[in-house]
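Following: one structure in structure tokens, then a few remarks.
The values are calculated or read from the model by the stated rules, or taken from the named source; none is laboratory data. This is a predicted model, so every value here is computed, not measured. Cβ placement follows ideal geometry from the backbone for every residue including glycine, while neighbour counts extend to all protein chains displayed. What goes into the accessible areas is simple: the full protein's heavy atoms, side chains included, and nothing from ligands, DNA or RNA. Shrake-Rupley method; radii C 1.70, N 1.55, O 1.52, S 1.80 Å.
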Amino acid sequence: MAEVTNELIYEVLKGTQTRLANIETGIVEVKTELQAVRGHLLAIQTDVANLYAGQANVEMPLSRIERRLELTDALAH
């Protein structure tokens with residue numbers, strides 16, 4: 001078995017420090033990408049909400065037109 005010296009411990013610790021720095025950089029990149037995904041998800045949710053609002057704006061007048069033309073009874077049978 002190799003003798004454990006201060007130099008050997010120092011070399012191992014330097015390697016460990018480099019690996020930890022790389023991990024920290026990777027974590028920062030993942031956080032940035034996650035923030036971008038969250039932003040896109042929020043935009044999608046907003047778009048879906050706008051679509052539902054637009055659909056409601058069309059359905060309300062359409063319901064009034066159907067009642068006025070008395071089409072609702074014909075569709076129910």
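Out of the residues in the range 12-45 meeting the condition of being closer than 30 Å to residue 2 by Cα and basic (Lys, Arg), tell me which one is least open to solvent (accessible area, probe 1.4 Å).
14
Could you go through the range 63-71 and let me know if any residue there is modelled with pLDDT under 90 and touching an Asp or Glu at 6+ places or on another chain (Cβ under 6 Å). No, every residue in the range 63-71 fails to be modelled with pLDDT under 90 and touching an Asp or Glu at 6+ places or on another chain (Cβ under 6 Å).
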